[in-house]
Structures are given as structure tokens and as C-alpha cells.
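Take a look at the structure set out below.
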Amino acid sequence: MAQAARLSAVANRLTCRAVHIRSSRPHLRAPARRPSIRTMAIEAAAAPSNPFVQYVVIRKDLGQGMGWPLGSICAQAAHAAVAAVWEHKDHPDTQAYCAPGAIDSMHKVVLEVKGETQLVNLGKKLEEAGVAYKLWYEQPEDYPTCLATRPYRKDEVSALFKKCNLAKGLIAQ
């Protein structure tokens with residue numbers, strides 16, 4: 001703990017000096033740089049109370065009403081999650097979520113909705129809020145089975161999923 005405080009104090013002093021130099025010598029300003037993947041991974045690991053989270057929402061009726069096996073439902077969730085990450089692979093939050101230093105501490109929240117209508121409505125709600133997501137469609141039937149967001153800080157989007165339940169008991173025995 002003491003070491004973290006010392007490092008923080010050093011970082012603050014360096015930041016203050018850098019701000020002073022930039023403001024007093026504008027002709028010497030360095031071009032803005034994007035943080036490295038390593039830096040993003042360190043920042044992601046340093047924020048355990050507000051981690052990057054990928055939300056995955058599946059349809060409860062696939063297992064209970066339509067008799068899909070658990071493996072098929074898991075495949076739909078995996079397809080949606082991978083597609084959401086891939087479609088947003090250049091976003092800094094996705095890069096931090098997938099960075100080598102953070103890969104073993106990924107967070108996913110798997111939720112369920114009653115059926116297709118609720119899944120589509122959730123997608124509309126996310127779209128209105130500006131949340132990036134992937135709605136996965138089963139082919140060749142062409143109906144939505146799962147939705148996954150790109151990684152977000154938990155506090156940025158968690159309120160949008162309050163009406164969803166944690167996924168459990170999908171398969172009726």
C-alpha cells in the first residue's frame with residue numbers, strides 16, 4: 001500500500017512538471033499519443049470496483065420452451081460475444097479488455113430475457129443509449145438468439161440491464 005502511495009506521488013509530480021512545461025513552452029508540445037495496450041491493461045487491472053465487463057444476454061425460451069440443448073445455447077452466446085469483441089476490436093476499451101495483461105481477468109455477465117421480443121426490445125434500448133452491441137441471429141432460420149455488448153466499464157451500462165435476470169436453469173429436465 002505504501003509503495004502504491006509513493007508511486008502515485010511520483011506520478012503526480014511528473015504530471016505537474018509536464019503540464020508546467022507544456023503550458024510555458026507551447027512550441028515544445030509533444031504530439032498526443034494513444035496509451036499502449038500494456039498501459040490500458042494495467043489501468044483495467046487497477047480498477048477492480050469498476051471493471052470492464054461484457055454483457056451477454058440469452059433467450060430463456062430457447063432452452064425451456066424450444067428444447068435447445070445447453071451446448072447450443074452456449075454456442076449462441078459465444079458467437080455473439082466473439083462477434084461483439086471483433087466488431088469493436090479497435091476501441092480502446094476492447095483493447096484493454098483483451099490485452100495480454102488483462103486476458104486472465106475478463107469479466108462477463110450472462111443474463112437472460114424471456115424471449116425474442118424482449119431481446120429485440122433490449123437491443124433497441126441499448127441502441128437509443130448509444131451502447132455498442134451485437135445481436136446474434138441463428139442461421140438459416142434468421143431469428144435472434146443472443147445479444148452481447150462490447151466491453152464497457154461496469155458503471156457505464158449496468159443500469160440498462162437491471163430488468164434482466166442472471167441466466168440460470170435454462171434446461172428443463
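The values are calculated or read from the model by the stated rules, or taken from the named source; none is laboratory data. This is a predicted model, so every value here is computed, not measured. What goes into the accessible areas is simple: the full protein's heavy atoms, side chains included, and nothing from ligands, DNA or RNA. Shrake-Rupley method; radii C 1.70, N 1.55, O 1.52, S 1.80 Å.
For Cys74, the solvent-accessible surface with a 1.4 Å probe is about 70 Å², rounded to the nearest 10. Among beta bridges from DSSP that stay inside the stretch 40-148, the antiparallel ones total about 55%. Here's the list of aspartates and glutamates a cross-link from Lys163 could span, going by alpha-carbon distance under 12 Å and ignoring same-chain residues fewer than 8 apart: Glu112.
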